[in-house]
Amino acid sequence: MTTSSNYTNLRDIWYTMIGIPGLEDAHTWISIPICSMYIVAVVGNTLLLFLIFTDHSLHEPMYLFLSMLALADIFLSTVTTPKMLAIFWFQEGAISFGSCVSQMFFLHFIFVAESAILLAMAFDRYVAICYPLRYTTILTPSVIGKIGIASITRSFLICFPLVFLVYRLTYCGRNIICHSYCEHMGIARLACDSIQVNIYYGVIVALFSTCLDVVLIIISYALILCTVFRIPSQDAQIKALGTCGSHVCVILVFYTPAFFSFFAHRFGGHSIPLYIHILLANLYVVVPPTLNPIIYGVKTKQIQEKFIQVFSLSKKFC
């Protein structure tokens, strides 16, 4: 049996992820902020989930969507960061083809689902400000549950074909991944076949999921601003915009690095070093999950009050 036919057996393929190429000597130092942010992300989002689910006063549409976002953030960081830290600390970059594809699927699946959740939260703010009297009748628990299921279903239907697209390719020996985690094009570029279908599908997924979500979010906030500026009272305008402040911050934190990375890859060419691309990709999976609970904790009065209550209670028992 030849070497090339050995590599057609996908169960035998093992990849080696090298972390951040060009910065191998700095891996230990880079791991410190990434590990710290991962801990903050998991603890912060878990605390947010605990506060929302244990306090009935927070069982409102806005906070239910926020709990979905917190859950997605925990999964997004957990899918990638532990393996990333293993590479940085112990040079444990080996990963089987099946495990790599699984990580790829869950990474893209969670990303697309989180984008849909942010769109749902924009719709929540639109209904709350433009139709305040019908808010509770439009966004009932049943409707919120259906939105959550629709977000997951859409994400699955969009991302599951990626598994078939990488499995259909022939692999013949290249097994070094210049990254800290597995993603679709990173796997596809190691194949010997043409990957044009993978490239086209990746662009289609971006256009009809993330980009479409961003357009609909912009439309939602355009309608919100039109409604707010028709309010005669300036104090009421500020209060209405204040309810959107935390969500706008979260949107910027989530989409800005994603679009920067996308355009840098497509149009940056060789002017931006590879290690910059990989470093930004590594930060992207931990920075938004870390900042989201902090943003909502700082900007949302109800969550602040509940956190203080829990903290005071824990100190009393201690």
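The values are calculated or read from the model by the stated rules, or taken from the named source; none is laboratory data. Computed from a prediction, not measured in an experiment: that's the story for all the values here. For neighbour counting, all protein chains shown are included, and Cβ atoms are generated from backbone atoms with ideal geometry for every residue, glycine included. Just the protein is used for accessible areas: all its heavy atoms, side chains included, with ligands, DNA and RNA removed. Shrake-Rupley method; radii C 1.70, N 1.55, O 1.52, S 1.80 Å.
Within the set 146/306; 83/299; 83/146; 239/306, which residue pairs have Cα atoms separated by over 30 Å?
Checking Cα-Cα distances, 83/299; 83/146 exceed 30 Å.
Per 5 Å bin, what is the whole-percent P(r) computed from every C-alpha pair distance within region 19-143?
Answer for region 19-143: a P(r) of 2, 10, 15, 16, 16, 13, 9, 7, 6, 4, 2, 0 percent.
Counting only trypsin sites (Lys or Arg not before Pro) that are in a DSSP loop and have at most 14 other C-beta atoms within 10 Å, tell me the longest site-free stretch of the chain.
1-167
Among 52, 272, 34, whose mean-square fluctuation peaks in a Gaussian network model of the chain (Cα, cutoff 10 Å)?
Maximum fluctuation in the GNM of the chain, among the listed residues, is at 272.
What part of the accessible area of region 104-160, given as a whole %, is carbon or sulfur when the probe is 1.4 angstrom?
Its accessible area is 78 percent carbon and sulfur atoms.
Taking the Kirkwood radius as the inverse of the mean 1/r across Cα pairs, report the Rg/Rh of the chain.
Using only Cα positions, Rg/Rh for the chain is 1.01.
Tally up the carbon and sulfur contribution to the accessible surface of region 163-247 as a whole percent, 1.4 Å probe, everything protein left in place.
70 percent
Can you tell me which of 180, 233, 67 moves the most in a GNM of the chain? Springs connect C-alpha atoms under 10 Å apart.
Sorting by GNM fluctuation, first place goes to 233.
With the other protein chains left in place, how much accessible area per residue, in square angstrom, belongs to the chain at a 1.4 angstrom probe?
I get 51 Å² per residue for this part.
Compute a Gaussian network model of the chain, connecting alpha carbons closer than 10 Å, and tell me which residue from 153, 54, 46 fluctuates the most.
54
Determine Rg/Rh for region 78-215; Rg is computed over alpha-carbon atoms and Rh is the Kirkwood hydrodynamic estimate from the same atoms.
1.10
Multiply the residue gap between residue 163 and residue 55 by 0.36 nm, knock off their C-alpha separation, and tell me the result in nm, one decimal place.
Going from the current span to full extension adds 34.9 nm.
Full-extension gain between residue 197 and residue 90, please, as 0.36 nm times their residue separation minus the C-alpha to C-alpha distance.
Additional length available on full extension: 34.9 nm.
Evaluate 2.2 N^0.38 Å with N set to the residue count of region 193-237, then give the Cα radius of gyration divided by it.
Cα-based Rg divided by the globular estimate yields 2.02.
Using all C-alpha to C-alpha distances in region 59-104, build P(r) with 5 Å bins and read off the rounded percent in each one.
Histogramming region 59-104 at 5 Å steps yields 5, 18, 18, 18, 13, 9, 9, 6, 4, 0 percent.
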